[in-house]
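What follows is a set of notes on a single structure, which appears directly below.
What follows is calculated from the coordinates using simple rules that are stated; it is not laboratory data. Owing to the predicted nature of the structure, the values given are computational and were not obtained by experimental measurement. Please note: Cβ atoms are built from the backbone with ideal geometry, for glycine as well, and neighbour counts cover all protein chains shown.
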Amino acid sequence: MKHGFFILFLFLTSNVFSQNKDAFLLSINDFDIKLKEKAGVAQLVDVRTTEEYLRGHLKRASNLNFNDDNFEDLVKTKLDKTRPVFVYCFSGRRSSDAAVFLRDLGFNEVYDMAGGFAKWTSSSKPYVSDNITTQPIAAFTMENLERILKTNDLVLIDFYADWCAPCKKMAPILNKIADENKEIKLLKIDAEKSDNIALVYKVEEIPTYVILKKGQQVWRGVGEMDEAEITEVIKKMK
């Protein structure tokens, strides 16, 4: 009987923890509202890299890179445990981990932005930039992808990264294929910036290519590939 009560206790405490965690995971609009409600005491933290932060960030946000080895030391130096903390990253994955980490350090009131900066910018929310030459940020989200899949029967996704040499080599080849096959929509997605989409499609190396027909994945390839090979695959999909 005692064992049964113990199991019930674990279930209830686990359920309460989950509910409490969800209560601090806020939508873009709720995050914005809560941040304004806590104005004057809120600590707004961008946990992305310095490069990402410079391209664009929420006004008055400080930058503490969650992936830095000294993140814990910076947190203890710069943040006050008695004040609420608001965290965000690009897609929500890093900020979720950061929020858990902060709670483990004793921060009781930590709000996490669901969807991250990608969702914030795609919702036309305001942001500032420290980079004078920055270009407007066009964040790509799952909502953007779903809209494209609904309006195009055949979609070729090219998952790439700016630093990837094979990606740069394949770019003109893929552009040529798309120009010669008007029935296919070529979609280029930065696997690092849109890591939530890369996760959904299980992208483990780049470049990775995925072909979707009527929203369903029908083919995928990785690395450098011959133009003829990809063209032949597309012909079979028509």
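A cut-off of 5 Å between modelled amide H atoms, ignoring neighbours fewer than 5 places along the same chain, links residue 56 with 130. Could you work out the relative contact order of the chain? I mean the mean sequence separation of Cα pairs under 8 Å and 6+ apart, divided by the number of residues, in percent. Worked out over the chain, it gives 16 percent. The packing ranking of peptides 57-64, 91-98, 77-84, highest mean first, is 91-98, 57-64, 77-84, where packing means the average number of other beta carbon atoms within 10 angstrom of each residue. Remark: segment 173-187, residue by residue, has Karplus-estimated 3J(HN,Hα) of 5, 5, 4, 5, 4, 5, 5, 8, 10, 5, 7, 10, 9, 8, 10 Hz, where x stands for each Gly or Pro and the curve is 6.51 cos²θ - 1.76 cosθ + 1.60 at θ = phi - 60°.
Loop-located chymotrypsin sites (Phe, Trp or Tyr not before Pro) in segment 148-238 (DSSP state other than H, G, I, E, B) with a sparse environment of at most 13 neighbouring Cβ atoms within 10 Å: 163. Derived scalar couplings between HN and Hα for segment 152-157 equal 9, 5, 10, 10, 10, 9 Hz in order, rounded to whole Hz, by the Karplus curve 6.51 cos²θ - 1.76 cosθ + 1.60 (θ = phi - 60°), x for Gly and Pro.
Only one item in (i) 121; (ii) 153; (iii) 182 matches volume of the Cα convex hull per residue in Å³ derived from the coordinates shown, and that item is (iii).
A straight chain from residue 162 to residue 129 at 0.36 nm per residue would run longer than the Cα-Cα distance by 9.9 nm. Each of 46, 73 was scored by other Cβ atoms within 10 Å of its Cβ. Arranged with the fewest first, they read 73, 46.
Ordered by the count of other Cβ atoms within 10 Å of each Cβ, fewest first, 235, 188 give 235, 188.
Diffusion coefficient (Stokes-Einstein, Kirkwood radius over C-alpha pairs, 37 °C, 0.692 mPa s) for segment 142-237: 246 µm²/s, rounded to a whole number. Going by neighbour counts of Cβ atoms within 10 Å, the residues 69, 112, 158 line up, fewest first, as 69, 158, 112.
Report the Cα centroid-to-centroid distance between segment 74-132 and segment 159-198 in angstrom, as an integer. Computed from Cα coordinates, the inter-centre distance equals 30 Å.
Taking amide H as placed 1.01 Å from N in the peptide plane, residue 25 has its amide H under 5 Å from the amide H of 112, each at least 5 places away in sequence or on another chain. Computed from phi, the 3J(HN,Hα) profile of segment 220-236 under the Karplus parametrisation 6.51, -1.76, 1.60 (θ = phi - 60°) reads 8, x, 9, x, 6, 9, 6, 4, 4, 5, 5, 4, 5, 4, 5, 4, 6 Hz, with x in place of Gly and Pro. For the chain, the mean residue ellipticity at 222 nm estimated from helices alone is -13500 deg cm²/dmol, where every DSSP H run of n ≥ 4 contributes -39500 (n - 2.57) and the total is divided by all residues, rounded to the nearest 500. Add +1 for every Lys or Arg and -1 for every Asp or Glu among the other residues with Cβ under 14 Å from the Cβ of residue 71, and state the total. For residues surrounding residue 71, the net value is -3.
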